[in-house]
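Down below is the structure, laid out as C-alpha coordinates.
The values are calculated or read from the model by the stated rules, or taken from the named source; none is laboratory data. Note that this is a predicted model, so its numbers are computed, not measured. Cβ sites come from the backbone with ideal geometry, for glycine too, and all protein chains shown count toward neighbours.
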Amino acid sequence: MSISTYSNEIKYIQQDDEFDYLKSLIESLDKGKSIGILLYGAPGTGKTLLSITLAKSLNASYYFIDGSPDLDRRDLEGNWELRKGYTKFNYGPLTRAIKDANEKGLSFIIINEINAIRESEQISLNSLLSENHINLISKGFERHELSPNAKLVIIGTMNKGVVGINKLQEAFGDRFLICPEITYPNKKKEIEIATKITNCKKEIAELVVDAAQQIRKQATEDFSISKLFSTRLVVNFCLLISKMPAKFLAHNIQNCIINKLGETVEERKSIAMILDGKMFKEKLGKVLGYSERKMKHQEETIPVEEVGKITEKMRKAINEYIENCGPNQIFKRNGEIMWKFFQWLWNNNRFILRNYFRLTEKNNYHMQYKKAMGKSHDYRGKITLRYIKWVYRNKNYDLVIFMKRFYPVF
Ligand SMILES: Nc1ncnc2c1ncn2[C@@H]1O[C@H](COP(=O)(O)OP(=O)(O)O)[C@@H](O)[C@H]1O
Ligand SMILES: [Mg+2]
(Lines give C-alpha, C1' and ligand atoms only; values in the text may rest on other atoms or scores of the structure.)
(Ligands and ions follow the chains in the order given, each with its own letter.)
Protein backbone atom coordinates (compact mmCIF):
# COMPACT_ATOMS: atom_id res chain seq x y z
CA MET A 1 0.00 0.00 0.00
CA SER A 2 1.36 3.39 -0.88
CA ILE A 3 0.43 6.28 1.33
CA SER A 4 2.98 8.76 0.12
CA THR A 5 0.72 10.57 -2.30
CA TYR A 6 -1.97 10.81 0.34
CA SER A 7 0.23 12.01 3.13
CA ASN A 8 1.65 14.87 1.13
CA GLU A 9 -1.71 16.44 0.70
CA ILE A 10 -3.05 17.26 4.11
CA LYS A 11 -6.66 16.18 4.31
CA TYR A 12 -9.17 15.60 7.04
CA ILE A 13 -9.62 11.92 7.83
CA GLN A 14 -13.11 11.25 8.99
CA GLN A 15 -13.74 9.33 12.16
CA ASP A 16 -17.09 7.99 11.21
CA ASP A 17 -19.09 9.57 8.40
CA GLU A 18 -19.16 13.17 9.62
CA PHE A 19 -17.40 14.40 6.51
CA ASP A 20 -19.77 12.58 4.13
CA TYR A 21 -22.68 13.87 6.14
CA LEU A 22 -21.64 17.50 5.82
CA LYS A 23 -20.85 17.11 2.15
CA SER A 24 -24.23 15.56 1.51
CA LEU A 25 -25.95 18.33 3.46
CA ILE A 26 -24.30 20.99 1.32
CA GLU A 27 -25.12 19.15 -1.89
CA SER A 28 -28.71 18.40 -0.95
CA LEU A 29 -29.95 21.81 0.14
CA ASP A 30 -31.60 24.29 -2.22
CA LYS A 31 -29.66 27.03 -3.91
CA GLY A 32 -30.14 30.71 -3.15
CA LYS A 33 -29.51 30.30 0.56
CA SER A 34 -26.56 30.37 2.84
CA ILE A 35 -25.88 27.27 4.88
CA GLY A 36 -24.60 27.80 8.41
CA ILE A 37 -22.64 25.04 10.10
CA LEU A 38 -21.30 25.41 13.60
CA LEU A 39 -18.58 22.89 14.42
CA TYR A 40 -17.67 22.57 18.04
CA GLY A 41 -15.46 20.33 20.11
CA ALA A 42 -12.15 20.07 21.90
CA PRO A 43 -9.17 21.95 20.44
CA GLY A 44 -7.06 20.13 17.88
CA THR A 45 -9.71 17.68 16.73
CA GLY A 46 -9.48 18.78 13.12
CA LYS A 47 -12.42 21.20 12.88
CA THR A 48 -10.55 23.73 10.78
CA LEU A 49 -8.99 21.06 8.62
CA LEU A 50 -12.40 19.47 8.10
CA SER A 51 -13.82 22.79 6.88
CA ILE A 52 -11.00 23.38 4.42
CA THR A 53 -11.11 19.81 3.14
CA LEU A 54 -14.86 20.19 2.56
CA ALA A 55 -14.37 23.33 0.48
CA LYS A 56 -11.57 21.73 -1.50
CA SER A 57 -13.46 18.53 -2.14
CA LEU A 58 -16.34 20.55 -3.60
CA ASN A 59 -13.93 22.63 -5.70
CA ALA A 60 -15.11 25.78 -4.01
CA SER A 61 -13.09 28.84 -3.08
CA TYR A 62 -12.94 29.63 0.59
CA TYR A 63 -12.28 32.67 2.74
CA PHE A 64 -10.72 32.21 6.06
CA ILE A 65 -11.39 34.46 9.03
CA ASP A 66 -9.71 34.14 12.40
CA GLY A 67 -12.20 35.23 15.01
CA SER A 68 -10.83 37.62 17.59
CA PRO A 69 -12.25 40.34 19.81
CA ASP A 70 -10.32 42.90 17.73
CA LEU A 71 -12.13 41.96 14.57
CA ASP A 72 -14.05 44.90 13.16
CA ARG A 73 -17.17 44.81 11.04
CA ARG A 74 -15.16 46.52 8.31
CA ASP A 75 -12.65 43.64 8.34
CA LEU A 76 -15.52 41.40 7.32
CA GLU A 77 -17.38 43.65 4.89
CA GLY A 78 -14.63 45.76 3.43
CA ASN A 79 -12.99 49.10 4.09
CA TRP A 80 -11.81 52.29 2.47
CA GLU A 81 -8.15 52.69 1.77
CA LEU A 82 -6.48 56.04 1.32
CA ARG A 83 -4.29 55.99 -1.77
CA LYS A 84 -2.26 58.81 -3.29
CA GLY A 85 -4.95 61.41 -3.78
CA TYR A 86 -7.92 59.06 -3.95
CA THR A 87 -9.70 56.42 -1.93
CA LYS A 88 -10.39 52.84 -2.88
CA PHE A 89 -12.85 50.39 -1.35
CA ASN A 90 -11.38 46.98 -0.59
CA TYR A 91 -14.09 44.37 -0.40
CA GLY A 92 -13.86 42.06 2.60
CA PRO A 93 -14.19 38.28 2.80
CA LEU A 94 -17.98 38.27 3.18
CA THR A 95 -18.58 40.39 0.08
CA ARG A 96 -16.01 38.50 -1.92
CA ALA A 97 -17.41 35.14 -0.91
CA ILE A 98 -20.88 36.22 -2.09
CA LYS A 99 -19.38 37.33 -5.40
CA ASP A 100 -17.53 34.01 -5.81
CA ALA A 101 -20.65 32.03 -4.97
CA ASN A 102 -22.70 34.01 -7.50
CA GLU A 103 -20.09 33.46 -10.19
CA LYS A 104 -19.20 29.84 -9.53
CA GLY A 105 -22.25 28.51 -7.73
CA LEU A 106 -20.58 27.75 -4.41
CA SER A 107 -18.16 29.30 -1.97
CA PHE A 108 -17.17 28.98 1.66
CA ILE A 109 -16.53 31.28 4.56
CA ILE A 110 -14.63 29.57 7.34
CA ILE A 111 -14.52 31.36 10.66
CA ASN A 112 -12.16 29.98 13.24
CA GLU A 113 -13.00 30.56 16.88
CA ILE A 114 -16.25 32.23 15.93
CA ASN A 115 -17.17 32.77 19.57
CA ALA A 116 -14.31 35.24 19.88
CA ILE A 117 -16.05 37.73 17.59
CA ARG A 118 -17.80 40.53 19.50
CA GLU A 119 -21.58 40.65 19.42
CA SER A 120 -21.60 44.06 17.78
CA GLU A 121 -19.55 42.71 14.88
CA GLN A 122 -21.79 39.74 14.26
CA ILE A 123 -24.49 41.82 12.53
CA SER A 124 -23.29 41.32 8.99
CA LEU A 125 -22.90 37.60 9.59
CA ASN A 126 -26.39 37.50 11.05
CA SER A 127 -28.03 38.96 7.99
CA LEU A 128 -25.96 36.80 5.70
CA LEU A 129 -27.00 33.69 7.61
CA SER A 130 -30.70 34.40 7.79
CA GLU A 131 -31.44 36.79 4.91
CA ASN A 132 -28.72 35.84 2.42
CA HIS A 133 -27.53 39.37 1.90
CA ILE A 134 -25.44 42.08 3.51
CA ASN A 135 -25.62 45.85 3.38
CA LEU A 136 -22.26 47.56 3.58
CA ILE A 137 -22.72 50.41 6.06
CA SER A 138 -19.47 52.06 5.15
CA LYS A 139 -20.40 52.11 1.47
CA GLY A 140 -23.82 53.74 1.43
CA PHE A 141 -25.58 50.50 2.37
CA GLU A 142 -24.53 48.88 -0.88
CA ARG A 143 -26.42 45.61 -1.07
CA HIS A 144 -24.73 42.29 -1.83
CA GLU A 145 -27.07 39.39 -2.26
CA LEU A 146 -26.65 35.72 -2.89
CA SER A 147 -28.15 34.85 -6.27
CA PRO A 148 -30.85 32.16 -6.58
CA ASN A 149 -28.31 29.91 -8.31
CA ALA A 150 -25.68 30.07 -5.64
CA LYS A 151 -24.89 28.51 -2.31
CA LEU A 152 -22.78 30.03 0.38
CA VAL A 153 -21.51 27.80 3.15
CA ILE A 154 -20.61 29.53 6.39
CA ILE A 155 -18.71 27.32 8.79
CA GLY A 156 -17.91 28.57 12.25
CA THR A 157 -15.64 26.53 14.48
CA MET A 158 -15.43 26.84 18.22
CA ASN A 159 -13.58 25.09 20.98
CA LYS A 160 -15.65 23.65 23.72
CA GLY A 161 -14.87 24.72 27.24
CA VAL A 162 -12.18 27.24 26.44
CA VAL A 163 -12.29 29.88 29.12
CA GLY A 164 -11.73 33.57 28.54
CA ILE A 165 -13.65 33.67 25.27
CA ASN A 166 -17.20 34.90 24.79
CA LYS A 167 -20.06 32.51 24.77
CA LEU A 168 -21.80 32.44 21.45
CA GLN A 169 -24.88 34.68 21.54
CA GLU A 170 -28.06 32.68 21.42
CA ALA A 171 -29.60 34.65 18.56
CA PHE A 172 -26.43 34.22 16.58
CA GLY A 173 -25.98 30.52 17.27
CA ASP A 174 -29.61 29.96 16.38
CA ARG A 175 -29.03 31.10 12.80
CA PHE A 176 -26.77 28.17 12.07
CA LEU A 177 -28.59 25.24 10.57
CA ILE A 178 -26.69 22.48 12.34
CA CYS A 179 -24.21 22.20 15.14
CA PRO A 180 -22.19 18.97 14.92
CA GLU A 181 -19.74 18.07 17.65
CA ILE A 182 -16.30 16.84 16.66
CA THR A 183 -14.85 14.60 19.34
CA TYR A 184 -11.51 12.87 19.78
CA PRO A 185 -11.18 9.92 17.46
CA ASN A 186 -11.06 6.38 18.77
CA LYS A 187 -7.74 4.63 19.11
CA LYS A 188 -7.69 2.94 15.73
CA LYS A 189 -8.72 6.11 13.92
CA GLU A 190 -6.25 8.30 15.73
CA ILE A 191 -3.43 5.90 14.80
CA GLU A 192 -4.58 6.07 11.19
CA ILE A 193 -4.63 9.89 11.29
CA ALA A 194 -1.14 10.12 12.77
CA THR A 195 0.39 7.66 10.31
CA LYS A 196 -1.26 9.17 7.27
CA ILE A 197 -0.59 12.78 8.13
CA THR A 198 3.01 12.38 9.27
CA ASN A 199 4.03 9.30 7.33
CA CYS A 200 5.52 7.89 10.52
CA LYS A 201 5.77 4.20 11.34
CA LYS A 202 2.59 2.60 12.58
CA GLU A 203 4.34 1.36 15.76
CA ILE A 204 5.25 4.94 16.61
CA ALA A 205 1.70 6.17 16.14
CA GLU A 206 0.41 3.27 18.24
CA LEU A 207 2.69 4.10 21.16
CA VAL A 208 1.93 7.81 21.01
CA VAL A 209 -1.83 7.41 20.70
CA ASP A 210 -1.84 4.91 23.53
CA ALA A 211 -0.06 7.41 25.78
CA ALA A 212 -2.30 10.24 24.61
CA GLN A 213 -5.44 8.32 25.45
CA GLN A 214 -4.14 7.36 28.88
CA ILE A 215 -3.25 10.99 29.68
CA ARG A 216 -6.63 12.18 28.36
CA LYS A 217 -8.37 9.65 30.57
CA GLN A 218 -6.47 10.81 33.62
CA ALA A 219 -7.21 14.44 32.79
CA THR A 220 -10.95 13.86 32.66
CA GLU A 221 -11.08 11.46 35.60
CA ASP A 222 -9.24 13.20 38.40
CA PHE A 223 -8.38 16.62 36.94
CA SER A 224 -4.72 16.12 37.78
CA ILE A 225 -3.85 17.38 34.30
CA SER A 226 -5.67 20.44 33.04
CA LYS A 227 -4.84 20.38 29.33
CA LEU A 228 -5.98 17.66 26.98
CA PHE A 229 -3.63 15.71 24.76
CA SER A 230 -5.10 16.74 21.40
CA THR A 231 -4.89 14.92 18.09
CA ARG A 232 -2.92 17.91 16.88
CA LEU A 233 -0.34 17.20 19.57
CA VAL A 234 -0.24 13.51 18.63
CA VAL A 235 0.44 14.50 15.02
CA ASN A 236 3.07 17.10 15.93
CA PHE A 237 4.91 14.73 18.20
CA CYS A 238 4.92 11.85 15.71
CA LEU A 239 6.24 14.25 13.13
CA LEU A 240 9.04 15.52 15.36
CA ILE A 241 10.34 12.17 16.49
CA SER A 242 10.22 10.59 13.09
CA LYS A 243 12.08 13.50 11.50
CA MET A 244 14.72 14.04 14.18
CA PRO A 245 17.56 11.75 15.22
CA ALA A 246 16.63 9.26 17.95
CA LYS A 247 19.18 10.81 20.32
CA PHE A 248 16.85 13.81 20.75
CA LEU A 249 13.90 11.66 21.81
CA ALA A 250 14.09 12.66 25.48
CA HIS A 251 14.14 16.36 24.54
CA ASN A 252 11.17 15.90 22.29
CA ILE A 253 9.15 14.11 24.96
CA GLN A 254 9.94 16.82 27.46
CA ASN A 255 9.36 19.80 25.17
CA CYS A 256 6.55 18.61 22.99
CA ILE A 257 4.49 16.63 25.48
CA ILE A 258 5.35 17.22 29.14
CA ASN A 259 6.00 20.97 29.04
CA LYS A 260 3.09 21.63 26.74
CA LEU A 261 0.52 19.69 28.71
CA GLY A 262 1.68 20.35 32.23
CA GLU A 263 1.00 23.81 33.55
CA THR A 264 2.45 23.27 37.00
CA VAL A 265 5.36 21.24 38.33
CA GLU A 266 2.88 18.73 39.77
CA GLU A 267 1.12 18.31 36.47
CA ARG A 268 4.40 17.77 34.69
CA LYS A 269 5.41 15.17 37.23
CA SER A 270 2.15 13.37 36.85
CA ILE A 271 2.47 13.25 33.05
CA ALA A 272 6.08 12.07 33.29
CA MET A 273 4.93 9.30 35.63
CA ILE A 274 2.29 8.04 33.26
CA LEU A 275 4.84 7.98 30.44
CA ASP A 276 7.45 6.22 32.57
CA GLY A 277 4.87 3.66 33.64
CA LYS A 278 4.28 2.87 30.01
CA MET A 279 8.02 2.69 29.24
CA PHE A 280 7.19 5.29 26.63
CA LYS A 281 10.71 6.48 25.90
CA GLU A 282 12.26 3.00 25.87
CA LYS A 283 9.65 1.56 23.55
CA LEU A 284 9.81 4.49 21.15
CA GLY A 285 13.60 4.40 21.22
CA LYS A 286 13.54 0.79 20.19
CA VAL A 287 11.28 1.47 17.22
CA LEU A 288 13.34 4.49 16.19
CA GLY A 289 16.58 2.55 16.61
CA TYR A 290 15.66 0.23 13.78
CA SER A 291 15.56 3.08 11.35
CA GLU A 292 18.83 4.63 12.44
CA ARG A 293 20.45 3.94 9.10
CA LYS A 294 17.66 5.69 7.27
CA MET A 295 17.90 8.66 9.61
CA LYS A 296 21.63 8.92 9.06
CA HIS A 297 20.93 9.14 5.37
CA GLN A 298 18.49 11.98 5.89
CA GLU A 299 20.99 13.76 8.06
CA GLU A 300 23.52 13.65 5.28
CA THR A 301 21.36 15.82 3.06
CA ILE A 302 20.57 18.49 5.65
CA PRO A 303 22.03 18.08 9.14
CA VAL A 304 19.72 18.96 12.01
CA GLU A 305 21.91 21.82 13.23
CA GLU A 306 21.72 23.27 9.74
CA VAL A 307 17.92 23.15 9.78
CA GLY A 308 17.90 25.36 12.89
CA LYS A 309 20.17 27.88 11.20
CA ILE A 310 18.17 27.88 8.00
CA THR A 311 14.86 28.55 9.75
CA GLU A 312 16.49 31.19 11.95
CA LYS A 313 17.80 33.04 8.91
CA MET A 314 14.47 32.72 7.17
CA ARG A 315 12.74 34.22 10.21
CA LYS A 316 15.11 37.20 10.07
CA ALA A 317 14.48 37.63 6.36
CA ILE A 318 10.73 37.59 7.01
CA ASN A 319 11.10 40.26 9.68
CA GLU A 320 12.99 42.34 7.18
CA TYR A 321 10.16 41.87 4.71
CA ILE A 322 7.62 42.95 7.34
CA GLU A 323 9.66 46.06 8.10
CA ASN A 324 9.73 46.93 4.42
CA CYS A 325 6.30 45.90 3.24
CA GLY A 326 4.14 45.89 6.36
CA PRO A 327 2.72 43.13 8.56
CA ASN A 328 -0.38 42.39 6.50
CA GLN A 329 1.39 41.55 3.31
CA ILE A 330 2.10 37.87 3.84
CA PHE A 331 -1.24 36.10 4.02
CA LYS A 332 -4.25 36.50 1.79
CA ARG A 333 -7.69 36.63 3.34
CA ASN A 334 -8.19 32.95 2.66
CA GLY A 335 -5.07 32.13 4.67
CA GLU A 336 -2.83 31.35 1.71
CA ILE A 337 0.50 33.07 1.19
CA MET A 338 0.87 35.95 -1.28
CA TRP A 339 3.23 35.51 -4.19
CA LYS A 340 4.74 38.96 -3.71
CA PHE A 341 6.13 37.74 -0.39
CA PHE A 342 8.25 35.08 -2.09
CA GLN A 343 9.04 37.45 -4.92
CA TRP A 344 10.48 39.93 -2.45
CA LEU A 345 12.53 37.25 -0.70
CA TRP A 346 13.77 36.04 -4.07
CA ASN A 347 14.87 39.54 -4.97
CA ASN A 348 16.32 40.47 -1.61
CA ASN A 349 17.30 37.29 0.21
CA ARG A 350 17.62 34.71 -2.51
CA PHE A 351 20.22 32.58 -0.79
CA ILE A 352 18.11 32.24 2.37
CA LEU A 353 14.93 31.50 0.41
CA ARG A 354 16.69 28.81 -1.59
CA ASN A 355 18.06 27.15 1.51
CA TYR A 356 14.66 27.22 3.13
CA PHE A 357 13.00 25.68 0.10
CA ARG A 358 15.64 22.95 0.15
CA LEU A 359 13.89 21.75 3.32
CA THR A 360 10.83 20.84 1.25
CA GLU A 361 12.90 17.87 0.07
CA LYS A 362 12.14 16.30 3.42
CA ASN A 363 8.46 16.32 2.47
CA ASN A 364 9.21 14.95 -0.96
CA TYR A 365 7.78 17.93 -2.82
CA HIS A 366 10.79 17.86 -5.14
CA MET A 367 9.97 14.31 -6.23
CA GLN A 368 6.39 15.33 -6.96
CA TYR A 369 7.71 18.28 -8.92
CA LYS A 370 9.96 16.02 -10.91
CA LYS A 371 7.07 13.70 -11.64
CA ALA A 372 4.78 16.53 -12.68
CA MET A 373 7.24 18.72 -14.59
CA GLY A 374 9.91 16.26 -15.63
CA LYS A 375 12.62 18.56 -14.27
CA SER A 376 14.91 18.67 -11.33
CA HIS A 377 14.15 21.25 -8.64
CA ASP A 378 17.73 22.42 -8.57
CA TYR A 379 20.18 23.60 -11.12
CA ARG A 380 23.89 23.33 -10.35
CA GLY A 381 23.03 22.77 -6.71
CA LYS A 382 20.71 25.77 -6.46
CA ILE A 383 16.94 25.63 -6.01
CA THR A 384 15.21 27.08 -9.08
CA LEU A 385 12.63 29.86 -9.08
CA ARG A 386 10.47 27.64 -11.26
CA TYR A 387 10.32 25.06 -8.46
CA ILE A 388 9.43 27.70 -5.86
CA LYS A 389 6.64 28.92 -8.12
CA TRP A 390 5.38 25.40 -8.63
CA VAL A 391 5.25 24.68 -4.89
CA TYR A 392 3.55 28.04 -4.38
CA ARG A 393 0.90 27.33 -7.00
CA ASN A 394 0.26 23.68 -6.31
CA LYS A 395 0.84 23.34 -2.62
CA ASN A 396 -0.05 26.68 -1.13
CA TYR A 397 -2.01 25.41 1.85
CA ASP A 398 0.54 22.66 2.51
CA LEU A 399 3.20 25.33 2.30
CA VAL A 400 1.43 27.34 5.00
CA ILE A 401 1.49 24.27 7.26
CA PHE A 402 5.09 23.61 6.27
CA MET A 403 6.11 27.14 7.25
CA LYS A 404 4.04 27.28 10.41
CA ARG A 405 4.55 23.81 11.75
CA PHE A 406 7.18 21.63 10.04
CA TYR A 407 9.91 24.25 9.87
CA PRO A 408 8.26 27.15 11.69
CA VAL A 409 9.17 30.63 10.58
CA PHE A 410 6.01 32.53 11.54
N1 LIG B 1 -9.47 13.86 11.70
C2 LIG B 1 -8.28 14.39 11.38
N3 LIG B 1 -7.76 14.17 10.17
C4 LIG B 1 -6.55 14.66 9.84
N5 LIG B 1 -5.80 15.42 10.66
C6 LIG B 1 -6.25 15.68 11.89
C7 LIG B 1 -7.52 15.19 12.31
N8 LIG B 1 -7.72 15.62 13.57
C9 LIG B 1 -6.64 16.35 13.92
N10 LIG B 1 -5.75 16.38 12.92
C11 LIG B 1 -4.43 17.04 12.98
O12 LIG B 1 -4.53 18.07 13.94
C13 LIG B 1 -4.25 19.34 13.33
C14 LIG B 1 -5.11 20.40 13.93
O15 LIG B 1 -6.38 20.40 13.43
P16 LIG B 1 -7.30 21.70 13.41
O17 LIG B 1 -8.20 21.56 12.26
O18 LIG B 1 -6.49 22.94 13.47
O19 LIG B 1 -8.08 21.50 14.79
P20 LIG B 1 -9.16 22.42 15.47
O21 LIG B 1 -9.59 23.43 14.46
O22 LIG B 1 -10.23 21.46 15.87
O23 LIG B 1 -8.48 23.03 16.66
C24 LIG B 1 -4.46 19.14 11.85
O25 LIG B 1 -3.70 19.99 11.07
C26 LIG B 1 -4.01 17.69 11.69
O27 LIG B 1 -2.61 17.60 11.63
MG1 LIG C 1 -9.18 25.49 14.55
Failed criterion for SER376 (all others in (1) on the phi > 0 side of the Ramachandran plot; (2) at pLDDT 90 or above; (3) small (Gly, Ala, Ser) hold):
(1)
For segment 1-120, list the helices (runs of 4 or more DSSP H) that sit wholly inside it and hold at least 1 residues that are more than 30 Å from HIS366 (Cβ to Cβ) and away from ligand 1 (no atom under 15 Å from the Cβ); which are they?
18-28, 73-77, 93-104
Inter-residue pairs, beta-carbon under 6 Å, first farther than 22 Å from ILE191 by Cα and away from ligand 2 (no atom under 14 Å from the Cβ) and in segment 36-64, second assigned to a loop (DSSP other than H, G, I, E, B) and among the basic types (Lys, Arg), 6+ apart
GLY36/ARG175; TYR63/ARG333
Given (1) over 19 Å from the mean Cα position of the chain (by Cα); (2) outside the structural domain of VAL235 (by TED's automatic domain parsing); (3) acidic (Asp, Glu), identify the lone condition not met by GLU206.
(2)
Can you find, within segment 140-196, the residue that is nearest to ARG232 (Cα to Cα) among those that are modelled with pLDDT under 90 and among the basic types (Lys, Arg)?
LYS160
Got a sec? Which of ILE98, ILE52, ILE26 is surrounded by 14 or more Cβ atoms within 10 Å (Cβ to Cβ), within 21 Å of ASN135 (Cβ to Cβ) and assigned by TED's automatic domain parsing to the domain that holds LEU152?
ILE98
Go through the residues of segment 168-179 one by one and say whether even a single one is more than 16 Å from ligand 2 (Cβ to nearest atom), assigned to a strand (DSSP E or B) and in contact (Cβ under 8 Å) with a residue 60 or more places away in the chain.
yes
In segment 355-377, what count of residues is obtained for those that are over 14 Å from TYR407 (Cα atoms) and of a type outside the set (S, T, N, Q)?
11
SER226: part of a loop (DSSP other than H, G, I, E, B), away from ligand 1 (no atom under 16 Å from the Cβ) and under 25 Å from ILE258 (Cα atoms), yes or no?
yes
Residue list for segment 241-272, filter: touching a residue at least 12 places away in the same chain (Cβ under 8 Å), within 20 Å of GLN218 (Cα to Cα) and assigned to a helix (DSSP H, G or I)
ILE253, CYS256, ILE257, ILE258, LYS260, LEU261, GLU266, GLU267, SER270, ILE271, ALA272
In segment 223-240, what residues are without any contact (Cβ under 8 Å) to a residue 60 or more places away in the chain and of a type outside the set (Lys, Arg)?
PHE223, SER224, ILE225, SER226, PHE229, VAL234, VAL235, PHE237, CYS238, LEU240
